[in-house]
Amino acid sequence: MRCALPLLLLLSSAPIHAQAEMRPRAREAGVIVGILQPGPLNAITDVKGVKVGQVTLPRSRDVNTGVTAILPHGGNLFQDKVPAGFVAYNAFGKFMGSTQVVELGEVETPILLTNTLNVAEAGAAAVEWTLAQPGNEEVRSVNAVVGETNDGLLNDIRARHVTVADARRAIESAADGQVEEGVVGAGAGTVAFGFKAGIGTASRLLPASLGGWTVGVLVQANYGGVLTITGVPVGGKLGRYDYRQQVEDRKADGSVVIIIATDAPLSDRNLRRVAERAFAGIARTGSSFSNGSGDYALAFSTAQAVRRTADRRTDAASVQDLPNDRISPIFQAAIEATEEAVLNALFKAHMVEGHRGTAQALPLEKVLPMLEIAR
């Protein structure tokens, strides 16, 4: 780990608004997760074709929410569906469209993330956008895919601030390149481990000897437990975890949504297996997977060789399928990228004063020296 002292001094003395701009990603602060190398952007958009769009509503004490949209590719998703696998690790939550993803093993719309009580608006936006695409004039059934976490501590969630137009803008603004993290989009009001969290992303690039595939992850982090960073029980060291208060008073409740993209040619069966492994990355961060936590993962492949095109859906077709014996490196990549994506969500998020309380930023000036000592 490189020395982060200059960064710590700057963060501790800068105004809150400046700290938000200066906060580093985990790797920028010297925190290295796992053994595999990240892609060029260390983001889900390192998987070629994947686009991300985010709309953050104008913030106030009562409004801290938004929408994040993930597009598996930039074409007509309904006509060129992507194979997908879905896992509900603890299903205390809402994930619109998940039953059809499980049944058919495919995604046919943008994947949207928002808050618990605005799932309907996000779903309507996905339907509207899909129906408006050229070539979909005869479409009469759309399986909108929407995940959520509850941001009711910082956001007046009962007011249901997110509109269909907001969610539509998230889809229409989706682009490749860098992905904003922290207090943005569907992460504007989320809290993890008692600290402000939000949207985080990371990627892993497998070496050519292991297939050369890319795995990218985006998380909406809003869950509890004992925060652990590269094996160090940071939450306990900070005095931010008390069993009675956190568990008995339900402060460890919350949710996480994990979206995993890869260019490896995987079947929906093996994509489900990849989605399942992502929870090992969540466990490494110290999650309690508590009763009130909705923990979901959806993995899809962008490979043209497995795309569910109109022609392939018309008749029997041949598709590639990476064999089981070659998938373990992809499991490792998904685990590492998931863990780092959560850390990026925490590292990049700044303090937010909200509707029913305040979520402090993870105090990097205290955390990074702990990790230095551990190393």
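Of the residues Met351, Ala91, Ser141, the one whose Cα sits farthest towards the positive end of the charge dipole of region 5-374 is Met351 (charges of +1 on Lys and Arg Cβ, -1 on Asp and Glu Cβ, taken about the Cα centre).
Within the listed set Gln37, Gln79, Gln320, the Gaussian network model of the chain (springs between alpha-carbon atoms below 10 Å) gives the highest mean-square fluctuation for Gln320.
Comparing Arg158, Arg308, Arg59 in a Gaussian network model of the chain, where Cα atoms under 10 Å apart are tied by springs, the biggest mean-square fluctuation is seen for Arg158.
With helices as the sole contributors, the chain gives -8000 deg cm²/dmol at 222 nm; each DSSP H run of n ≥ 4 counts as -39500 (n - 2.57), and the sum is divided by every residue. Place a point 7 Å from the Cα of Glu353 along the Cα-to-Cβ direction; which residues of region 59-77 have their backbone N under 15 Å from it? 59-64, by backbone N distance to the label point. With a simple spin-label model that places each label point 7 Å from the Cα along the Cα-to-Cβ direction, the separation between Phe289 and Ile35 comes to 2.4 nm. Expressed as a fraction of 2.2 N^0.38 Å, the value expected for a compact globular protein of N residues, the C-alpha radius of gyration of region 28-148 is 1.20. Using the Cβ-Cβ distance between Asn76 and Glu372 with R0 set to 45 Å, the FRET efficiency works out to roughly 0.35.
Within region 311-375, the proportion of C-alpha pairs whose separation exceeds 14 Å stands at 77%.
Compactness ratio for region 211-333: Cα radius of gyration over 2.2 N^0.38 Å (N = residue count) comes to 1.34. Net charge of the neighbourhood of Lys366, taken over other residues with C-beta under 12 Å away and scored Lys/Arg +1, Asp/Glu -1, is 0. Between Asp325 and Ser209, the distance separating the two model label sites (each 7 Å from Cα on the Cα→Cβ line) works out to 1.8 nm.
Using just the Cα positions, wrap the chain in a convex hull and report its mean projected area in square nanometres, one decimal place. Could you put the intermediate results ahead of the total?
Values: hull surface 70.8 nm².
Quarter of the Cα hull surface area: 17.7 nm².
Between Gln360 and Thr314, the FRET efficiency from the beta-carbon distance, with R0 = 45 Å, is close to 0.20.
Pairs Lys237/Lys348; Lys237/Lys366; Lys48/Lys196: which are spaced more than 19 Å apart, C-alpha to C-alpha? Let's see the in-between values first.
On the way: Lys237/Lys348 21 Å; Lys237/Lys366 10 Å; Lys48/Lys196 30 Å.
Flagged as over cut-off: Lys237/Lys348; Lys48/Lys196.
Excluding same-chain neighbours fewer than eight residues apart, the lysines reachable from Lys51 by a Cα-Cα span under 20 Å are Lys81.
Of all DSSP beta bridges located in region 5-374, what percent are antiparallel, nearest 5? Before the final figure, lay out each step's value.
Values: 45 of 58 bridges.
Looking only at bridges with both residues in region 5-374, the antiparallel portion is about 80 percent.
How charged is the neighbourhood of Pro265? Take every other residue with its Cβ under 14 Å from the Cβ of Pro265, and add Lys/Arg as +1 and Asp/Glu as -1.
Numbers: positive: Lys48, Arg269, Arg307, Arg308, Arg312, Arg326; negative: Asp263, Asp268, Asp321.
Residues close to Pro265 contribute a combined charge of +3.
The aspartates and glutamates whose alpha-carbon is closer than 13 Å to the alpha-carbon of Lys94, local same-chain residues fewer than 8 away aside, are Glu148, Asp295.
Normalise the Cα radius of gyration of region 109-251 by 2.2 N^0.38 Å (N = residues in it) and let me know the number.
Working: Rg = 18.6 Å, N = 143, 2.2 N^0.38 = 14.5 Å.
Working it through for region 109-251, the quotient is 1.28.
Largest GNM mean-square fluctuation among Ile32, Ile260, Ile157, using the chain with Cα springs under 10 Å: Ile32.
Mind giving me the FRET efficiency for Leu131 and Met22? R0 is 45 Å, r the Cβ-Cβ distance, nearest 0.05 is fine.
Details: r = 43 Å, r/R0 = 0.96.
Using R0 = 45 Å, I get an efficiency of 0.55.
Annotation: extensible slack from Lys237 through Ala91 equals 49.5 nm (criterion: 0.36 nm per residue apart, minus Cα-Cα distance). Here the gap between Leu104 and Arg160, fully extended at 0.36 nm per residue and compared with their Cα-Cα distance, gives a gain of 17.0 nm.
Read-outs: derived from the displayed coordinates by stated rules, not from any lab. Keep in mind that what you see is a predicted model, and the values were worked out from it rather than measured. All Cβ positions, glycine included, derive from the backbone under ideal geometry; neighbour counts span all protein chains shown.
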